[in-house]
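*Asks:* Got a structure for you, written out below as C-alpha cells; questions coming shortly.
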Amino acid sequence: MLKKLLTLSFLCSPLFAQDGNALYDQVKPLSPEEAIKTIQVPKGYKLQVVASEPMISEPVDCVWDANGDMYVIEMKTYMQDADATGQFEKTSRVMKLTDTDGDGTMDKSSVFIDGLMLPRMILPLDDRILVCETNTLDIYSYRDTNGDGTADEKKLWFKGGPRGGNLEHQPSGLIWNVDNWIYMTKAGERFRMIDGKVEKSNYGYLNGQWGLHHDDDGNFAVGFSGAEKSFEFFQYPIIYGASKFPDELEKDFNTVWPIDNIPDTQGGRRRLRDNDTLNHMTAACGHTVYRGELMPEFYGNYLVAEPVGRLIRMAKVDTSLGFKQMRNVAPNSEFIRSTDPNFRPVNLKTGPDGALYIVDMYRGIIQEGNWTKKGSYLRGIIDQYGLAKTIQRGRIYRLIPENYSVKNARPEMLSKSSNEIIKILAHKNGWMRSTARKVLILRNDKAIVPQLKSALQASQNTQEKIELLWTLDGLQALDTPFILQQLKSNDERYVTHVLRTADPLLKAGNPQILAVYKDLFKSSKSSTVLSQAFLSTKKYAQHHLNPELQKMMLSHKEDIELKHHFAQWDREKEAYRKHREKMDALKGKGPVFKKIMTQGEKHYKSLCFACHGANGEGTPMAGTQTTLAPPLKASARVLGKKDTLIKIALHGLAGPVDGKTYPGAMESLASHKDQYLAQVLTYIRNSWGNSAELITDREIRNVRKKHAKRKTPWTLEELNKK
C-alpha cells in the first residue's frame, strides 16, 4: 500500500531517495544469470545467454552475415539520463560477434564500426554490411578487407540526404524481402541490386517505428506504436496497398498481460491496471515472423516485443474467416514475460541455427527524451524509482527447446560454390533460404540460371520453388515463355508468386500475360489465385482488364476470401475520392498553395497523425475516454496567432490543454527544416474545415532565432501571457 501511495503522489522524501531506497531496490540491475530466472517462457523451452555486457552494451538489433557472424547495433548514447544528455554524440558502434565452438554463446568480439550516431538500420549483403544512422537517409556499406574484424572500407551505397525528427519517428527496417527488394519504414522507398547497381522505387508509406520483417510470402510484420497498434498491413504484400481489414486482430488483442508492476508508461495511469501492470500495447517493436526449423510448432507465427510491459507477444495467424486474423497464442497471458524491470526486449530475429533471438536493451528508461521531460508523469516515475541509473548494459538471448544441446555448424556461405548454395534454397530454416537467395543474386552469376531452372523443375516443395523462382527473378532470368509455363502449375501458392513476378509484364500490357489474366478471371475457381490476380490488376492493369475484372468481381462477390479484398478496394476508392475533392478545392487558391498542402499532408502522415488522428480530432486511446493528443480541428492554437503555433512546433507543449491531460507532452520538431515545418503547419491550418493564412519559411526562421536558447516545452500559461 505504501508503494502505491508513493507512486501516485510522487513523494521524494529522504527515506525514499534513489540511492538505497525501497523503490530503487525493486529496479536494481541483475546479472544475466539472475535475470534469466525472472523471465517466463513456454513450458519445454529455455533461454540461453548469447551475449551480454561487457561484450555488448545498449544493443538494439542483431543480424548475421552469410558466414554466421553476428553484428550488433549499439546505441551507446541513447537516454544516458532522463534528459537525454549527449544523445547525438558519435560514440555508438556496431560489434561483430562470433561463436567459435557452436555452443550458442558468443566468445569472440571486435568493434566492427565505431564513431556512429545512433545507428538504427543494418543489413548484411555479401561481405559488405549496410548501415544507416539517425538523422540521415544516407546508407553506407562497410567491409573488412584484411580479416581483423574491423571495417576498413566505407562507401556510400545510397544517398538519401538528411532526415530530422524525433528518434522514435525515423526509419527502421532495411530488410531484404522475398521479392528481392530492400524495404524500410518511414521513407516510402525501396531498393534492389541489379547487375551490381542500386535501383530505387517508391512503394507507398509505412509508419512503423522500430521493427520490420516478413513471412515466407513477403507479407510484412510491422506495427505502429505511436498509435498503439501491434500489427498492421499483413494481409498481403505492401506493394499492393496498405490493407486494413476489419477484425484482423482478434478482440482485445492489444490488451497485454505483464507480470511486472513498475508503472513507467508514457500514457500515465490510464494505461495501467489497479495493480500497476500495463493494460494495453504501447511500445510495439521488434516485429518478426519465426521461420526456424528448430521449433516447427511455432513456424510462421508473428511476434512483437513490448518493452514497457517487459513482454513478448506471439500471434498465430488464423485464416478460417477468409482473411488473416492475429490471435494470441497464450490467451490472457504472454508468450514470454518477466518480473525484471530492466528486461527491455526491442528486437526479435530467427537465427541461422533456427533459434529465436531476443535483443534485450536491459535498461531502466526505454522511452525517448521528449516523453521524459521534467513535470511529466513518466519523469516522476523515473526519478522516484531511479530508473535512469541502469545504463550501458544489454543482453541477447536465444529461445531453444529445453533439451537442446546441439553444436551448431557455421553456414560459411561466402566460401561455398553457387551450386552448393542452390541446395540451401530447400532448407527448412527461412533465414538460411533467404540468405542463400541473397548471396546468389549479389554474385550476379548468370551461368547458374540453367541449374536454377533444373532445380525448379525437379522440386516438389512449394517453398523451395518460390525461392528458386525469386532467385531467377533477381538474376533477371525470367522471360514470358518461362513465366507462362510456370503459370500452368497446380500449386496455387506457387502460382501466386509467379503472377507477382509477372507484374512488370502485366504493367507493360504484354498480350500473352493479359490473355492469361482474362482466362483466370473467366474460369479460375481458386480464391487464392484470383486474389493475387485481383491485386496485381488493381495495381497495374485496370486500363487493360477492367471489363474482365468487373465480371469476376460480380461473379465472386460472396466468395469468403475475395469479398474482403473487394471491400478493401471500396475503402481505398472512397479515401481517394475524398482526397481528390480536397485537392480540387485547393486549385482555387493557386498552384503554390496546392503544392504546400500536398507536401504538408505527406509530412503530417509521417509525423503527426499517429497521435492527432487522420481527421485532426485526435487518435482515440483504446479503453479510455481520451485521445492520444489534443484535436487540431478547430483548435484555437492552430487557427490563432502564427507565433503561438510555431513555438509549440519548435519547442513542444507540456501540461494540461483546455483542462485535459494527455498521455505525453507534444515533442519538439526543431530538428526539421524551416520549409518542412512551414508546410506541415500550413496543412494543419487548412484541413478538416480549418482555414487560415499559410505559414512561411521566414516566419519559422524568425521564431526559431528569437527563442534559440529555449530548451524546454511551452505551457499554455506561458503562451497566453505573450
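Per-residue answers, yes or no, for (1) closer than 20 Å to Phe88 by Cα; (2) acidic (Asp, Glu); (3) in a strand (DSSP E or B); (4) outside the structural domain of Lys349 (by TED's automatic domain parsing):
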position: Leu118; (1), (2), (3), (4): yes, no, no, no
position: Asp126; (1), (2), (3), (4): no, yes, no, no
position: Tyr140; (1), (2), (3), (4): yes, no, yes, no
position: Thr145; (1), (2), (3), (4): no, no, no, no
position: Ala151; (1), (2), (3), (4): no, no, no, no
position: Lys154; (1), (2), (3), (4): no, no, yes, no
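*Asks:* Here is a follow-up. Taking the stretch 380-390, which residues are over 16 Å from Pro307 (Cα atoms) and not in a helix (DSSP H, G or I)?
*Replies:* Gly386
*Asks:* Say we look at the stretch 278-335 and pick out the residues that are in a strand (DSSP E or B) and over 18 Å from the mean Cα position of the chain (by Cα); which of these is farthest from Glu232 (Cα to Cα)?
*Replies:* Only one residue fits best here, namely Leu278.
*Asks:* Cβ-Cβ below 6 Å, separation at least six or inter-chain, first residue in the stretch 607-625 and assigned by TED's automatic domain parsing to the domain that holds Ala636, second part of a loop (DSSP other than H, G, I, E, B) and aliphatic (A, V, I, L, M): which pairs?
*Replies:* From residues that are assigned by TED's automatic domain parsing to the domain that holds Ala636, the pairs are Cys611/Leu628; Cys611/Ala629; His612/Ala629; His612/Leu632; Gly616/Leu632; Gly618/Ala629; Thr619/Leu628; Met621/Leu628.
One line per residue, one yes/no per condition, for (1) surrounded by 14 or more Cβ atoms within 10 Å (Cβ to Cβ); (2) modelled with pLDDT of 90 or more:
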residue	(1), (2)
Pro656	no, no
Gly659	no, no
His672	yes, no
Ala678	yes, yes
Asp697	yes, yes
Arg710	yes, no
Thr715	yes, no
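*Asks:* Right, something else. Assess whether Leu514 counts as being within 22 Å of Thr537 (Cβ to Cβ), touching a Leu at 6+ places or on another chain (Cβ under 7 Å) and not in a helix (DSSP H, G or I).
*Replies:* no
*Asks:* So which residues in the stretch 409-444 are part of a loop (DSSP other than H, G, I, E, B) and either at positive phi or free of Cβ contacts under 8 Å to residues at least 24 places away in the same chain (or both), if there are any at all?
*Replies:* If the condition is that a residue be part of a loop (DSSP other than H, G, I, E, B) and either at positive phi or free of Cβ contacts under 8 Å to residues at least 24 places away in the same chain (or both), then Glu412, Lys416, Ser417, Asn444 are the ones that fit.
*Asks:* Please tell me if His497 is out of contact with any Pro (no Cβ under 7 Å at 6 or more places or on another chain), surrounded by 15 or more Cβ atoms within 10 Å (Cβ to Cβ) and part of a loop (DSSP other than H, G, I, E, B).
*Replies:* no
*Asks:* Return the pairs, sorted by first residue and then second, in which the second residue is not in a helix (DSSP H, G or I), the first residue lies in the stretch 580-597 and is of a type in the set (Lys, Arg), the beta carbons are less than 8 Å apart, and the residues are 6+ apart or on different chains.
*Replies:* So the pair list comes out as Lys582/Ser687.
*Asks:* Take the residues in the stretch 500-516 that are surrounded by fewer than 15 Cβ atoms within 10 Å (Cβ to Cβ) and touching a residue at least 12 places away in the same chain (Cβ under 8 Å), then tell me which one is farthest from the chain's Cα centre (by Cα).
*Replies:* Among those residues, the one meeting the criterion is Gln512.
*Asks:* Only residues that are under 21 Å from Thr372 (Cα atoms) and in contact (Cβ under 8 Å) with a residue 40 or more places away in the chain: list them for the stretch 626-648, please.
*Replies:* Thr626, Leu628, Lys647, Ile648
*Asks:* Right, another one. Which one of these does Ala436 not meet: (1) over 30 Å from the mean Cα position of the chain (by Cα); (2) surrounded by 17 or more Cβ atoms within 10 Å (Cβ to Cβ)?
*Replies:* All conditions are met except number (1).
*Asks:* Do the conditions hold for Phe253, that is, is it surrounded by fewer than 23 Cβ atoms within 10 Å (Cβ to Cβ), in a loop (DSSP other than H, G, I, E, B), in contact with a strand residue (DSSP E or B) (Cβ under 7 Å, 6 or more places away or on another chain) and in contact (Cβ under 8 Å) with a residue 60 or more places away in the chain?
*Replies:* Yes, satisfied.
*Asks:* Checking the conditions here, which among Val289, Val329 is under 30 Å from Val529 (Cα atoms) and surrounded by fewer than 21 Cβ atoms within 10 Å (Cβ to Cβ)?
*Replies:* Val329
*Asks:* Moving to a separate point now. Considering the stretch 542-558 alone, what residues qualify as being in contact with a helix residue (DSSP H, G or I) (Cβ under 8 Å, 6 or more places away or on another chain) and either of a type in the set (Asp, Glu) or not assigned by TED's automatic domain parsing to the domain that holds Asp519 (or both)?
*Replies:* Hit for the stretch 542-558 is Glu548, nothing else.
*Asks:* Let me ask something else about it. Any residue at all in the stretch 272-294 that is on the phi > 0 side of the Ramachandran plot and polar (S, T, N, Q)?
*Replies:* no
Per-residue answers, yes or no, for (1) in a helix (DSSP H, G or I); (2) at pLDDT below 90; (3) surrounded by fewer than 22 Cβ atoms within 10 Å (Cβ to Cβ); (4) of a type in the set (S, T, N, Q):
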position	(1), (2), (3), (4)
Leu378	yes, no, no, no
Gln392	no, no, yes, yes
Tyr397	no, no, no, no
Lys407	no, no, yes, no
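*Asks:* Tally time: how many residues in the stretch 587-609 are touching a helix residue (DSSP H, G or I) at 6+ places or on another chain (Cβ under 6 Å) and over 27 Å from Met666 (Cβ atoms)?
*Replies:* 1
*Asks:* Take Ala447 and tell me if it is among the small types (Gly, Ala, Ser), at pLDDT 95 or above, within 30 Å of Thr77 (Cα to Cα) and assigned to a helix (DSSP H, G or I).
*Replies:* Here the answer is no, as Ala447 does not meet what is asked.
*Asks:* Hey, another quick one. With respect to the numbered conditions (1) more than 29 Å from Tyr290 (Cβ to Cβ); (2) hydrophobic (A, V, I, L, M, F, W, C); (3) outside the structural domain of Val63 (by TED's automatic domain parsing), which one is the sole condition not fulfilled by Ile382?
*Replies:* All conditions are met except number (3).
*Asks:* It is to be established whether one or more residues within the stretch 168-185 are touching a strand residue (DSSP E or B) at 6+ places or on another chain (Cβ under 7 Å), within 17 Å of Ile139 (Cβ to Cβ) and surrounded by fewer than 17 Cβ atoms within 10 Å (Cβ to Cβ).
*Replies:* Scanning the stretch 168-185 turns up no residue that is touching a strand residue (DSSP E or B) at 6+ places or on another chain (Cβ under 7 Å), within 17 Å of Ile139 (Cβ to Cβ) and surrounded by fewer than 17 Cβ atoms within 10 Å (Cβ to Cβ).
*Asks:* Now for a separate question. Taking the condition of being more than 20 Å from the chain's Cα centre (by Cα) and surrounded by fewer than 17 Cβ atoms within 10 Å (Cβ to Cβ), how many residues in the stretch 595-613 meet it?
*Replies:* 2
The values are calculated or read from the model by the stated rules, or taken from the named source; none is laboratory data. Not measured: the values here are computed from a predicted model. Please note: Cβ atoms are built from the backbone with ideal geometry, for glycine as well, and neighbour counts cover all protein chains shown.
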